[in-house]
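The values are calculated or read from the model by the stated rules, or taken from the named source; none is laboratory data. Since we're looking at a predicted model, the values are computed, not measured. Backbone-built Cβ (ideal geometry, glycine too); neighbour counts: all protein chains shown.
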Amino acid sequence: MKVIYVNANNLQEIKQSAPKAAMALGYFDGVHLGHQKVIQTAKEKAKAQNLSLAVLSFFPHPKSVLFPDIDVSYLEPLEQKVEKLERLGVDIFYIVEFTKELAKVEATDFLDDYIIGLNAAEIICGFDYTYGAKARGTAKTLVVYAAKQQVGLTVVEELKCNNQKISSTLIRKYLNERKLSELPSLLGGFYKTKYCQKKGLLPNYSLPNVGSYKVLIEDQHSFIECIATVKCNKYIQIHNEMSTLPNLLTILWVDQLETVPS
């Protein structure tokens, strides 16, 4: 998979070599099952029309640029998102640098430059996708635009679990409420973070709320069952022989525990 960082300075150059693609649009924080449905739909379009499968997203999160005083809680860093998209069969991951200048670009201009400009022959997005200045672009305006440009458009309807929309917001809610057992039905697997035993949680991950949890620690091709106690939003305590664990841990969060180990 090619990972291509796009900004206002290199956009014209990247346009020159962009292959025709079925392009999935979204922020895709966590790459949960709703996101996977959008990408799978794009994959089917790409296969049917012999197109490249592309995903277009942003970094940093728009809220962190527009509201710098707000602490944005990411579910995972770009590196983990890249790994997930590659496993889903994505050919090109366009990461558009979100800036205050980009936030002022009108919806139609954004589509002209970053979607059609990057050779999207099929556009695929979720029903709640928004784009352009003040998020004035919506799935409804995209329908009009796609018809005018004569490109394909598929708007993927919401995916629900227990009558709730699967979303990054719901995942963060469950992390805050310590409902880890609910997360595999949203993510397709356990929530995963990387943790340095000396420096704490790696950037752009979120931890469950303070408490103790059953976790699995990746150990090459197997897993070590442990208990982890979250002390704050950066530091945890692993209840295990520390000498047997590496400094950098990949932790899968399985379920909450009612009692805190001593």
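If you take just the strands (runs of 3 or more DSSP E) that sit entirely in the stretch 150-245, which of them hold at least 1 residues that are out of contact with any strand residue (DSSP E or B) (no Cβ under 7 Å at 6 or more places or on another chain) and not assigned by TED's automatic domain parsing to the domain that holds His35?
Numbers: elements: 152-156, 191-196, 211-219, 222-230, 236-239.
Per the criteria, 211-219, 222-230.
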> Any residue at all in the stretch 189-203 that is small (Gly, Ala, Ser), at pLDDT 95 or above, under 16 Å from Val31 (Cα atoms) and exposed (fewer than 14 other Cβ atoms within 10 Å of the Cβ)?
Replying inline: yes
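So which residues in the stretch 181-224 are β-branched (Val, Ile, Thr) and in contact with a Cys (Cβ under 8 Å, 6 or more places away or on another chain), if there are any at all?
Step one: filter the stretch 181-224 for residues β-branched (Val, Ile, Thr), giving 193, 210, 215, 217, 224.
Val210, Val215, Ile217 - these are the residues of the stretch 181-224 that are β-branched (Val, Ile, Thr) and in contact with a Cys (Cβ under 8 Å, 6 or more places away or on another chain).
Based on what the data block shows, is Lys47 touching a residue at least 60 places away in the same chain (Cβ under 8 Å) and surrounded by fewer than 17 Cβ atoms within 10 Å (Cβ to Cβ)? So that I can check it myself, show each step before the final result.
Details: touching a residue at least 60 places away in the same chain (Cβ under 8 Å): no; surrounded by fewer than 17 Cβ atoms within 10 Å (Cβ to Cβ): yes.
Judged against the criteria, Lys47 is not a match.
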> Pick from Val38, Val90, Val31, Val6: which is among the β-branched types (Val, Ile, Thr), closer than 30 Å to Lys234 by Cα and crowded, with 21+ Cβ neighbours inside 10 Å?
Replying inline: Val31
> When residues of the stretch 228-255 are filtered for being surrounded by fewer than 16 Cβ atoms within 10 Å (Cβ to Cβ), over 23 Å from the mean Cα position of the chain (by Cα) and of a type in the set (A, V, I, L, M, F, W, C), how many remain?
Replying inline: 3
> Can you tell me which residue in the stretch 206-226 is surrounded by the fewest Cβ atoms within 10 Å (Cβ to Cβ), limited to those that are touching a Lys or Arg at 6+ places or on another chain (Cβ under 9 Å) and not acidic (Asp, Glu)?
Replying inline: Val210
> Of the residues in the stretch 102-144, how many are of a type in the set (Val, Ile, Thr), in contact (Cβ under 8 Å) with a residue 40 or more places away in the chain and touching a Gly at 6+ places or on another chain (Cβ under 8 Å)?
Replying inline: 1
> Is one or more of the residues making up the stretch 100-121 surrounded by fewer than 14 Cβ atoms within 10 Å (Cβ to Cβ), under 17 Å from Gly30 (Cα atoms) and either of a type in the set (D, E, K, R) or in the same structural domain as Gly211 (by TED's automatic domain parsing) (or both)?
Replying inline: no
> Considering Val3, Val38, Val31, which residue is at pLDDT 95 or above, out of contact with any helix residue (DSSP H, G or I) (no Cβ under 9 Å at 6 or more places or on another chain) and either under 19 Å from Ala121 (Cα atoms) or of a type in the set (Val, Ile, Thr) (or both)?
Replying inline: Val38
